[in-house]
Amino acid sequence: MMTHNELREAFLSFYEKKGHVRKPSDSLVPTNDPTLLFTGAGMNQFKDNFLGRADKSLKRATTSQKCLRTGDIENVGRTSSHQTFFEMLGNFSFGDYFKREAIPWAWELITKSFKVDPKRLRVSVYEEDQEAYDLWAKEVKVRADWIYRFDAKENFWPSNAPKVGPNGPCGPCSEIFIDRGAEHGCGKPECSPACSCGRYVEFYNLVFTQFDRQSDGTLQPLPQKNIDTGMGFERMLAILQGKPNNFETDLFMPMIERIEELSGRKYATSTDDGRRMRRIADHARAIAFCIADGVLPSNEGRGYVEKRLLRIATIDGRALGIHEAFLHQLVPVAAAIMEKPYPEVNERRETIARIVKGEEEKFADTLASGEKLLAELEKEYAASGAKRIPGRELFRLFDTYGIPAEVAATRLKVTPETEAEFESEMEKQRQLARSGSSMTGDIFVSGAMGTLKEKISATEFLGYKADSAKARVRAIIKGNALVDVAVPADGEVTVVLDRSPFYPEMGGQVGDIGRIQTAEAEFAVSDTKNAAPHILHLGRVTKGALLPGDEVTATVDAERREDVKRNHSATHLLHAALRERLGEHAEQSGSLVAPDYLRFDFHHFEAPTKMDLEAVERRVNEKIMANIDVHTEEMSIDEARKTGAKALFGEKYGERVRVVKAGDFSLELCGGIHCERTGNIGQFKIVGEESVAAGIRRITAVTGKYALDYWKATEDRLKSVAEELKAPVSDVVRRAQTLTKELKELRRQLEKSRGGERSTQLQDLLKSAPSAGGVKLVVAALEGVSAEELRSAVDIIKKSNEEAAAVLASVSGDKVSLIAYAGKKAQGSGVDAGKLIREVAGVVGGGGGGRPEMAQAGGTDVSKVNDALDLGLKLLREKLGTS
């Protein structure tokens with residue numbers, strides 16, 4: 001039986017022998033591709049190759065690409081072959097071989113190398129693709145009744161492209177299916193691979209990219225025809241291991257066995273518990289790989305997808321009887337299984353597990369709040385006799401508190417109208433996730449950038465050795481168009497040079513600024529961006545006219561670059577010092593290297609102590625004072641790993657990398673610009689430390705002249721404080737402590753005095769308060785009272801007359817605070833302070849809630865306070881009657 005590692009290697013080796021270059025998997029976060037939330041196919045990293053915009057020497061490639069898709073998330077665990085995270089085996093041709101080679105090779109791989117019985121295989125072709133049909137029938141000798149012709153929806157990429165687009169490269173495809181047998185089908189005579197019954201499982205798709213769709217819907221032949229294939233790794237593995245689904249292979253069973261141990265339940269294919277275990281295994285693996293590629297749980301974009309997967313898996317765990325955090329215990333299992341192809345996950349398994357555990361524990365608190373809200377809503381809607389719960393409330397339970405809609409539906413009245421509203425809210429959230437990722441939605445880059453990649457050669461970067469250079473203007477972009485000239489009236493434009501000393505924003509380091517000049521024209525560069533293989537210089541023409549072809553002098557703002565270099569080298573020292581002090585888990589999660597400060601995010605699960613930060617700061621300054629040589633060297637990624645160079649969390653590296661070494665203290669992969677010696681940094685000062693996400697801390701620091709400015713500003717503030725306290729600088733702390741103690745005593749005396757006045761005021765209100773049903777009704781606005789003091793006021797009323805009912809309000813600036821109280825007698829007559837305060841707060845544009853006895857709320861319409869109190873009095877009288 002072929003193992004998962006053997007299958008992956010067999011596929012890649014097969015195509016290597018056919019002249020393909022084995023390429024590493026791209027990150028789940030697509031490299032330089034704003035059109036995708038996650039990498040979802042093997043072809044994503046080769047878009048420029050397909051369009052002839054990349055390395056022309058690469059004609060054939062093969063990969064095992066890690067992918068993530070959530071379009072069929074509802075089917076994960078339910079069907080035999082749906083997953084969120086999966087691998088796609090692929091072989092690609094960029095203007096080289098085509099159908100005549102791709103089809104026979106696919107058959108050879110499956111039937112000869114993988115030894116799949118040809119009698120179990122079926123194929124499909126696009127109904128108009130006679131060439132592919134003939135190759136299957138005449139060359140490969142597949143039976144005619146086992147070749148199916150399907151329409152453009154089923155057998156064209158993108159689906160339905162001839163009729164509905166998008167414009168750009170497209171083509172027919174041919175799919176290969178396994179026949180699982182009649183026992184897995186619907187039993188209908190017309191059952192075929194087009195049927196969704198599950199008998200036929202598609203596992204290999206051959207896409208023949210041969211057309212360029214035009215805006216009028218015509219399909220023009222591409223000058224460069226390409227092959228883009230994708231084999232479902234997990235599906236092929238299930239076929240070869242003879243398993244009924246993807247999850248019962250050696251790729252998943254160790255995880256499922258661990259879930260059995262944690263839950264105390266046994267796995268079975270067709271049970272609800274089995275489906276839950278499969279879904280947990282899939283989602284846990286997806287979460288681990290997302291975090292390994294730098295995606296952290298959040299409320300938008302990729303992080304929102306990750307958080308949703310974690311919540312679904314947690315809910316499944318609870319259904320299995322696992323009520324404590326458990327997903328983190330699956331991380332080392334998944335990492336061990338995938339160690340050979342993806343060692344980076346196993347190397348960071350402890351950090352990944354701690355991040356997962358932190359998010360699990362946070363969600364447990366949220367879930368508890370959700371259960372409480374669900375119980376309140378259940379009681380409220382039952383008491384009111386409402387016909388249904390609004391879809392927005394159902395969505396709030398799901399989105400904010402993680403309560404699945406189907407769970408809520410077992411306890412609340414849900415109608416088709418509710419479900420429609422819920423789905424509408426879900427679609428809004430999907431749109432938010434997509435917009436949070438800055439996706440453009442285009443499959444291939446078009447417009448000026450597309451033309452640039454097709455026709456303009458790469459920009460040669462000179463910035464490691466120079467801050468000024470002679471160059472030639474290759475292109476000018478205004479908006480989304482290439483233009484023939486740029487003048488001051490054009491505003492911001494982008495200039496592309498054949499060679500440039502300007503460092504483009506990348507790896508956390510900001511882009512350079514400076515100027516590009518000819519004898520008659522000057523262009524002020526305000527930012528530099530990376531659009532590999534080009535460097536984009538953003539800015540404005542300030543004098544004359546700049547034209548493509550002009551010879552120019554490109555000059556970086558050298559003083560600013562020196563400031564950036566200081567902060568970048570200091571960032572490396574900081575990273576090393578943090579790992580030395582806090583542990584190897586304190587890895588970089590993100591950074592910003594600007595001229596005036598540096599920002600460094602790192603993995604740690606509690607706030608570093610003051611002593612920790614002081615020790616780290618001291619260690620960095622020790623290395624600065626040691627004036628260590630900072631050495632850089634370019635080498636292969638394999639060579640770099642052998643040196644022990646630190647690869648950053650979530651970063652993607654090419655085949656050639658740059659290693660930056662500061663003595664024996666710091667060794668990292670980095671493409672940024674650095675000082676020649678650590679002494680050039682001058683000094684290092686931490687000016688801030690905070691939490692930015694679960695398990696992620698952030699340090700802000702300054703170096704060089706900005707550190708001097710920080711010390712000078714601190715000294716000036718200290719002198720000002722000393723003058724205000726009328727004490728010498730050396731005595732400031734003692735003097736401040738004395739004054740603070742005196743202030744606390746004065747506040748205590750003032751509060752005691754105000755408390756007495758308020759008690760008298762409330763006693764007077766009680767005496768003059770109207771009654772209803774034998775209950776005193778204290779309804780009033782109190783001036784100059786905080787929300788905290790409103791609670792104290794209710795305590796005074798309660799002590800004076802336990803059976804009273806009250807609605808009190810206070811105004812502070814543009815905010816209204818409200819509180820309601822109902823004694824036992826009032827509650828017995830139907831007064832619920834929680835419901836009462838919600839209605840009253842609605843008048844002032846706010847909301848709130850609480851217990852039947854006491855509840856609080858707030859609002860923003862201060863002009864309606866009296867109206868709100870009038871409503872409160874009216875509602876109390878309606879419940880209690882009059883007396």
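Largest first, the residues PHE247, PHE395 sort by 1.4 Å accessible area into PHE395, PHE247. Computed from backbone phi with θ = phi - 60° and the Karplus coefficients 6.51, -1.76 and 1.60, the 3J(HN,Hα) list for region 227-237 is 10, 10, 10, x, 10, x, 4, 5, 5, 5, 4 Hz; x is used for glycine and proline. Taking other residues whose beta carbon is less than 13 angstrom from the beta carbon of LYS824, and scoring Lys, Arg as +1 and Asp, Glu as -1, yields -1. Using a probe of 1.4 Å, the accessible surface attributed to MET88 totals some 30 Å² when neighbouring protein chains are kept in position. What a 1.4 Å probe finds exposed on region 278-412 is 49% carbon and sulfur by accessible area, rounded to a whole percent. The shape of region 755-837 comes out oblate: with a ≥ b ≥ c from the C-alpha gyration tensor, a/c is at least 1.5 while a/b does not beat b/c. Our note on the geometry: Cα centres of region 524-593 and region 208-286, 40 Å apart. Picking from VAL485, GLY682, SER817, whose Cα lies most toward the positive end of the charge dipole for the chain (charges on Cβ: Lys, Arg +1; Asp, Glu -1)? Of the candidates, SER817 comes out farthest on the positive side.
Here the peptides 174-187, 232-245 are ranked by packing, the mean other Cβ count within 10 Å, and the order with the highest first is 232-245, 174-187.
What the chain shows is 46 Å² of accessible area per residue, with the surface traced by a 1.4 Å probe over protein heavy atoms. Under the combined filter of DSSP loop state and at most 15 neighbouring Cβ atoms within 10 Å, region 310-404 retains these GluC sites (Glu not before Pro): GLU324, GLU339. Here PHE85 sits with roughly 0 square angstrom of accessible surface, probe radius 1.4 Å.
In order along region 613-623, phi translates into HN-Hα couplings of 5, 5, 5, 5, 4, 5, 5, 4, 5, 4, 5 Hz, rounded to whole numbers, per the Karplus curve 6.51 cos²θ - 1.76 cosθ + 1.60 with θ = phi - 60° and x for Gly and Pro.
Dividing the summed -39500 (n - 2.57) terms of all DSSP H runs of n ≥ 4 by the residue count of the chain sets its mean residue ellipticity at 222 nm at -12500 deg cm²/dmol. Give me the percent of the accessible area of region 1-151 that comes from carbon and sulfur atoms, probe 1.4 Å, all protein chains in place. Summing carbon and sulfur atoms, their accessible area is 48 percent of the total for region 1-151. Rounded, prolate or oblate, given the Cα gyration tensor of region 1-137, with a/c below 1.5 counting as rounded? It is rounded, given that a/c, with a ≥ b ≥ c, falls under 1.5. Here region 816-883 exposes an accessible surface that is 48 percent carbon and sulfur, computed with a 1.4 Å probe and the other protein chains kept in place.
With P(r) over Cα pairs in 20 Å bins from 0, in percent as the read-out, I listed [x] 14, 42, 36, 8, 0; [y] 12, 33, 34, 18, 3, 0; [z] 12, 36, 38, 14, 1; which label goes with the value calculated from this structure? It is the one labelled [y].
Taking a threshold of 24 Å on the Cα-Cα distance, which of the pairs LYS66/LYS266; LYS610/LYS646; LYS610/LYS712; LYS56/LYS141 fall above it? In this structure, LYS66/LYS266; LYS610/LYS646; LYS56/LYS141 exceed 24 Å between Cα atoms.
Taking the longest Cα principal axis of the chain as reference, the axis of helix 833-843 is set at about 80 degrees. Relative protection proxy for 311-317, 769-775, from highest mean packing down: 311-317, 769-775 (other beta-carbon atoms within 10 angstrom).
Would you mind pulling out the separation of the Cα centroids of region 62-132 and region 827-866, in Å? Answer, in whole Å: 61.
Each peptide among 199-212, 52-65, 725-738 gets the average number of other Cβ atoms lying within 10 Å of its residues, and from highest to lowest they stand as 199-212, 52-65, 725-738.
The values are calculated or read from the model by the stated rules, or taken from the named source; none is laboratory data. Note that this is a predicted model, so its numbers are computed, not measured. Reconstructed Cβ throughout: ideal geometry from the backbone, glycine too, with neighbour counts over all protein chains shown. We work out accessible area using only protein heavy atoms, side chains counted, and drop any ligands, DNA or RNA first. Shrake-Rupley method; radii C 1.70, N 1.55, O 1.52, S 1.80 Å.
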